[in-house]
Amino acid sequence: MVAVQQGNILATNLRRWGQPLQPYRARSRYLSLLGTADGKALALWGDQYHWHRAWGYLKQAIDQRFVRG
């Protein structure tokens, strides 16, 4: 998701080649979902993590929404 959030600022800065760039500050903490082969997902937030099937459902829904556009 981080790459998706950076996409707009990257496109803007590429169009502004040779001009002052628009700054981007990444979040220090963000939710990462890593899918596993058993339908579950590992949720990471900062230094905390949790592994559960509910995270797998959420990851699948996010991925499907992203692919559909």
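The values are calculated or read from the model by the stated rules, or taken from the named source; none is laboratory data. Please read all numbers here as calculations on a predicted model, not as lab measurements. Cβ: placed from backbone, ideal geometry, glycine included. Neighbour counts: every protein chain shown.
Quick notes on this one:
- Cross-chain or 6+ apart pairs with Cβ under 9 Å, region 56-69 first and surrounded by 13 or more Cβ atoms within 10 Å (Cβ to Cβ), then of a type in the set (Asp, Glu): Gly56/Asp38
- Criterion violated by Gln64 - all others in (1) of a type outside the set (A, V, I, L, M); (2) within 15 Å of the chain's Cα centre (by Cα); (3) assigned to a loop (DSSP other than H, G, I, E, B) satisfied: (3)
- Filter pass, Arg65 being of a type outside the set (Phe, Trp, Tyr) and modelled with pLDDT under 85: no
- Residues in region 11-53 that are of a type in the set (Asp, Glu) and either touching a helix residue (DSSP H, G or I) at 6+ places or on another chain (Cβ under 9 Å) or in a helix (DSSP H, G or I) (or both): 1 in all.
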